[in-house]
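What follows is a set of notes on a single structure, which appears directly below.
Just so it is clear, none of the values below were taken in a lab; they were calculated from the coordinates. All values derive from a computational prediction rather than experimental measurement. With ideal geometry, Cβ positions are generated from the backbone for all residues, glycine too; neighbour counts draw on all protein chains shown.
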Amino acid sequence: MKQPELKLNVELGQETETPIRISLLINSIYYFIESVFIMAVKEGYRLVVIHQGRLLTDEMYKTAGGARVAFIKRYGNKAWRDGVKAEWSLFYPPEAHWLGDKFKENKRKK
């Protein structure tokens, strides 16, 4: 049975007072996942997990900590060995083309 495709919708043109900021999972490769990041948006914190151009997770949380805990609960058992801890970057504004490329890759794979 083919799994339904998930859509990643984001407004890249948010108000200038609240630019998009992300916290990147630095060691995502240890979980055998290409890209994991948390986006700070007006509504809260959005956990986004993408692997091989497919959107695996796109969920909102009230806090960044809640999004990080949710990642560990869902993907922690995929770590290549016991004791691997998720290492997150500080929140920073990503380059517009990087974020845009992530969303374009996901659209192309559908």
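Okay, which of the stretch 24-41 sit inside 14 Å, backbone N to the point 7 Å along the Cα-Cβ direction of VAL84?
It comes to 25-36, nothing else.
Can you compute the modelled spin-label distance between TRP98 and GLN52, with each label point 7 Å from Cα toward Cβ, in nm?
2.5 nm
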